[in-house]
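Report on one structure; see the data block that follows.
The values are calculated or read from the model by the stated rules, or taken from the named source; none is laboratory data. Everything numeric in this text was worked out from a predicted model, so none of it was measured. Glycine also receives a Cβ, built like all others from the backbone with ideal geometry; neighbour counts cover every protein chain displayed.
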Amino acid sequence: MNIQTMKQAHKVLAEFTYEPGTVDQGYAGQTLHVNLSDNTITSKPVTQQMKDIFIGGRGFGLRLLWDGISADTKWDDPENEIVISSGPLGGTIGYPGAGKSLVVSLSPLTNCVMDSNVGGYYGPLLKFSGWDAIEVQGKAEKDVIVFVDGDKGRVTIEEAPEEAVDSHVLGEQMAAMFADDEKGKRAVSSVSAGTGAEHALFGCLNFSWYDARRGRMRYKQAGRGGIGTVFRDKKVKALVVKLSNVKSGLNNPADPALLREVGHKVNEEMRRLDPIQNDMAGVGTAHLVSIMNDYDLLPTHNFKYGAHPEAYKISADVYRELYKPAGIPDGCWYGCTMACAKAIEGVTLRSGPYKGQVVGVDGPEYETIAGCGSSIGVFDPLWVTEFNFYCDTYGLDTISFGTSMAFVMECYEAGIINKEITGGLELNFRNAEAAAELLHQTARGEGFGLIFGQGIRRMKKIFAEKYGGDPQFLQDIGMESKGLEYSEYVTKESLAMQGGYGLTLKGPQHDEAWLIFMDQVNNQIPTFEDKAEALHYYPMWRTWFGLNGLCKIIWNDVSPEDNATTDEPAKIPAHVQNFVQFYNAVTGRELTKEDIIVQSERMYNFQRVFNIRMGHGLRSNDAIPYRSAGPVTVEEYKSRAERYDKQLGDIVGFDPAGKSTEEKMAALRVYREDQYEQLTDAVYKRRGWTPDGVPTLEKLQELGIDFPEVVEVVKPYLS
């Protein structure tokens, strides 16, 4: 069916017209609300309180979602919302990494608040079309597209019965349908999920942009927490925005000269130092594979091990040859000199519904290489690339897919599940063909894929209750916390990073804090108090990027030449100051580096209270699987026996001589679990929370977020 026929099949269910206006000092001044249940489209003003307290991006998402739902709302209720906002600095052309959007919703995996950051053009184009955020609420009766025409000042909800669902097809259809011509495809961006998101709880969203050099639409993912599943549950096929004549200055900064000055400084540093530091423009985050393997941090066979002799087969050197054409700018927003959004062209698919087709694949990035590669024992870069492609087009999070697959493979090899249960699939580590088939089953909603698509937390329950698995063993090896699957770092020797995964708002991800090198390698934070301070500062600092529409990679993946000589090199102080100037230049405010932490602390505590409101957010929810802290199996202990024996003698005070491996493991476990509890105490104290993880009234008052509805949530836990 051709594009024109598809368009003719649309039925306009609602139409809303508006005056686009201009963005002023980073803000459009209004947000867009779309209700798919009653087909209403309305606008809301952005108040001064929204700007002062909630800032933008993730903060706007949290405020709008809080107001839109109740404490009883479930992820699949019509009342649940998907909120997308880019923040006041989002869309700035001339400062790298300023093309991020933040997506907020209730998660099918965690049953709590989820936020996920993403590149691509949708968020910036939405803002420059006149909207600081879009809220999508309700459920459509049939598949719909929500189209924001920023050129004409028009928003429509349209039935879309004929378009594809899988993103790599749908994205091209949206560009062809709404662009004026081939050149105009760059003015169109869509958000989509895929058929996998209809059947699995870890559905992701794909945000598109048109790459004229490659001649195709490309995609970045809001991957974490299953927001793509919410998207398809609402029967949304795509959110589409169109805005022509994108140019520098659309944020209308308060101080254009300062913005040009700081932007020029950062871009020049990026061009000069990136090639000799991490070469993000050449290989993206794939450079991390060898580093993680060298330091025993690369998840292998479901996080049992941290290294593998075949890791070189999926290293940056291999992917450098696959990322073609080489040397072209690969930014996911206009003018990003980091240019780390790598892609592989001319991939012939070996499995699934698109078998034999030649496609372009966006990525793989480090998390996908580790999760869909080493963690499941697959060291074939083309299989990892194929998993990447299908997860993306199906709308499935590669991190949750890879970590869940590794869990299933260990359960299979442990005899908890077998071929009868898996429908004939031999799910041993290294079996890429079986993993691919399970991926396709999950997208079709068939066979063992129906169980797999529920994620690790629910699989643990099923494997224990239905298949007789040992609940404690399943809990120990199931790499999830709060219901969210782990991202791809082995944390056994970094207590701070165990906290960086467990003591989070949304679950184990590296978005809040990545402290392994500070803690494990460099021993910069030796005491509980040192670790607690790091687990205060870095989550607050990283939260700030999500409030403003920024990519954190610009902060620390290139460092100034004199950074090592500064007082706090891990904080990259020169870059912190750059961001202070960037914010002040756009918004006209006089922010200090200390104010950044306060801005973020407001939202961090607000989100913690939001979690408590939804029945989570307490100490019990911050528990981690034991494999995150130490060895679960005998083979795991023996793989590092010299290290563990030495720790038992030198640190624990337990003489390992003459003891069985099981006895040594038990002694080590008591020690390491106690260490995590002591860390939790220290972190909660530093954050101004009770021993159960509840923000105190004093902390809420100090931050100016002691709103009546917020105080009402925490009061029962403070008496």
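Check the stretch 573-588 and report whether any residue there is at positive phi and in contact with a strand residue (DSSP E or B) (Cβ under 9 Å, 6 or more places away or on another chain).
No, the conditions are met nowhere in the stretch 573-588.
Can L535 be described as closer than 23 Å to C551 by Cβ, in contact with a helix residue (DSSP H, G or I) (Cβ under 6 Å, 6 or more places away or on another chain) and part of a helix (DSSP H, G or I)?
When the stated conditions are applied, L535 passes them.
Any idea how many residues of the stretch 1-50 are of a type in the set (V, I, T) and not in a strand (DSSP E or B)?
Count: 6.
Which residue pairs have Cβ atoms under 6 Å apart, sit 6 or more places apart or on different chains, and have a first residue in the stretch 250-262 that is over 23 Å from G21 (Cα atoms) and a second that is among the small types (G, A, S) and modelled with pLDDT of 95 or more?
So the pair list comes out as L258/A585.
Quick check on my filter: what residues within the stretch 294-305 are in contact with a Gly (Cβ under 8 Å, 6 or more places away or on another chain), buried (at least 21 other Cβ atoms within 10 Å of the Cβ) and not aliphatic (A, V, I, L, M)?
P299, T300
Out of curiosity, is A254 of a type in the set (A, V, I, L, M, F, W, C), touching a Ser or Thr at 6+ places or on another chain (Cβ under 9 Å), in a loop (DSSP other than H, G, I, E, B) and modelled with pLDDT of 95 or more?
Yes, satisfied.
Within the set of pairs 6 or more residues apart or between chains, which connect a residue that is assigned by TED's automatic domain parsing to the domain that holds T504 and more than 16 Å from L484 (Cβ to Cβ) inside the stretch 600-628 to a residue that is surrounded by fewer than 23 Cβ atoms within 10 Å (Cβ to Cβ) and modelled with pLDDT under 95 with Cβ atoms less than 7 Å apart?
none
Search the stretch 33-59 for residues that are in contact (Cβ under 8 Å) with a residue 40 or more places away in the chain and pair each with any residue that is part of a loop (DSSP other than H, G, I, E, B) and among the β-branched types (V, I, T) when their beta-carbon atoms are under 8 Å apart and the residues are at least 6 apart or on different chains.
I53/I705
Being at pLDDT below 95 and surrounded by fewer than 15 Cβ atoms within 10 Å (Cβ to Cβ), is that true of even one residue in the stretch 695-702?
No, because not a single residue in the stretch 695-702 is at pLDDT below 95 and surrounded by fewer than 15 Cβ atoms within 10 Å (Cβ to Cβ).
So, S404, is that one more than 15 Å from S375 (Cβ to Cβ), within 21 Å of the chain's Cα centre (by Cα) and polar (S, T, N, Q) or not?
For S404, the condition - more than 15 Å from S375 (Cβ to Cβ), within 21 Å of the chain's Cα centre (by Cα) and polar (S, T, N, Q) - is not met.
The rows are residues; the columns are (1) aromatic (F, W, Y); (2) in contact (Cβ under 8 Å) with a residue 12 or more places away in the chain; (3) out of contact with any strand residue (DSSP E or B) (no Cβ under 7 Å at 6 or more places or on another chain); (4) outside the structural domain of V188 (by TED's automatic domain parsing).
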{"residue": "S290", "(1), (2), (3), (4)": "no, yes, yes, yes"}
{"residue": "Y295", "(1), (2), (3), (4)": "yes, yes, yes, yes"}
{"residue": "H308", "(1), (2), (3), (4)": "no, yes, no, yes"}
{"residue": "R320", "(1), (2), (3), (4)": "no, yes, yes, yes"}
{"residue": "P329", "(1), (2), (3), (4)": "no, yes, yes, yes"}
{"residue": "G335", "(1), (2), (3), (4)": "no, yes, yes, yes"}
{"residue": "A339", "(1), (2), (3), (4)": "no, yes, yes, yes"}
{"residue": "K342", "(1), (2), (3), (4)": "no, yes, no, yes"}
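So for the stretch 62-80 (the condition being in a strand (DSSP E or B) and buried (at least 16 other Cβ atoms within 10 Å of the Cβ)), does at least one residue qualify?
No, every residue in the stretch 62-80 fails to be in a strand (DSSP E or B) and buried (at least 16 other Cβ atoms within 10 Å of the Cβ).
Within the stretch 226-245, which residues are surrounded by fewer than 17 Cβ atoms within 10 Å (Cβ to Cβ) and either of a type outside the set (G, A, S) or more than 29 Å from E182 (Cβ to Cβ) (or both)?
N245
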